[in-house]
């Protein structure tokens, strides 16, 4: 999606606010003994209160309102009977639609007591995302995002999952530009036009390079198995740099 008028931007900011506040509220109530289905139900309720429809369910018939991935799962985890335990690493991905516009956000949470390395990974996962966001601006190469994130990962001795990419968003949950690398990609020659809407969502890991399929049609696992976090914002490329629309109130 490319923002073409003020109404587009108003609607994008509205759904951005909704998914951001939902993610923040879900992260705040994560506790041992809760099932991922119970956590998902909280997210669904918050979205519905705002008149928003869950993105994965709406677009792909995903069996849940949000994606909740635990430990070895790194993306598209199906909410269910799995109980959250002390020390778990939880990723929550929230996307939704309202008034024909989608926004997408996500974050990882360490359930106390977490190992020090996991705490650092969460901190640095967020830093990696913001390293990419700072490269956003109209007229700039998309490739700058991946190069900056990879340099951050290298300096801090992390790896990046290189088959889960960022993507355009707005009129649909996944749209052009598709497959925006959060790692260095010499084949990437596209530019960010003014008003372009897309996500930035690096998967930072202590050793994993890839995501692999599990036993169900959705859940993805780190390969090799290693602690992995994802942080995600929806951004707009402007002449003044990045405009982040998925910040909570």
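So here's what we get for this one:
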{"read-out": "Convex hull per residue volume in Å³, alpha carbons only, for region 1-142", "value": "118 Å³"}
{"read-out": "Region 159-220-region 88-146 distance, computed between alpha-carbon centres (Å)", "value": "11 Å"}
{"read-out": "Spread of Cα-to-Cα distances over 5 Å intervals beginning at zero, given as percent, for region 94-210", "value": "2, 11, 21, 22, 19, 13, 7, 3, 1"}
{"read-out": "Radius of gyration and Dmax over the Cα atoms of region 194-249, both given in Å", "value": "15.3, 45"}
{"read-out": "Zone of residue 155's modelled label, taken as backbone nitrogen in region 176-198 under 20 Å from a point 7 Å along Cα→Cβ", "value": "182-185"}
{"read-out": "Stretch gain in nm, segment residue 179-residue 144, where the contour uses 0.36 nm per residue and the Cα spacing is subtracted", "value": "11.2 nm"}
{"read-out": "Ranked by how many other beta carbons lie within 10 Å on average, peptides 159-166, 81-88, 242-249 from highest", "value": "159-166, 242-249, 81-88"}
{"read-out": "Fewest-first sequence of 67, 122, 59 by Cβ atoms within 10 Å of each Cβ", "value": "59, 122, 67"}
{"read-out": "For the chain: relative contact order, % (alpha-carbon pairs under 8 angstrom, 6 or more apart)", "value": "23 percent"}
{"read-out": "Computed helical MRE - 222 nm, the chain, DSSP H runs ≥ 4 contributing -39500 (n - 2.57), nearest 500", "value": "-10000 deg cm²/dmol"}
{"read-out": "Interatomic Cα distance distribution for the chain, bins of 10 angstrom, percent", "value": "8, 34, 38, 18, 2"}
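Every read-out reported here was derived from the displayed coordinates using simple, explicitly stated rules and does not represent laboratory data. Owing to the predicted nature of the structure, the values given are computational and were not obtained by experimental measurement. Glycine gets a Cβ as well: all are built from the backbone with ideal geometry, and neighbour counts include every protein chain shown.
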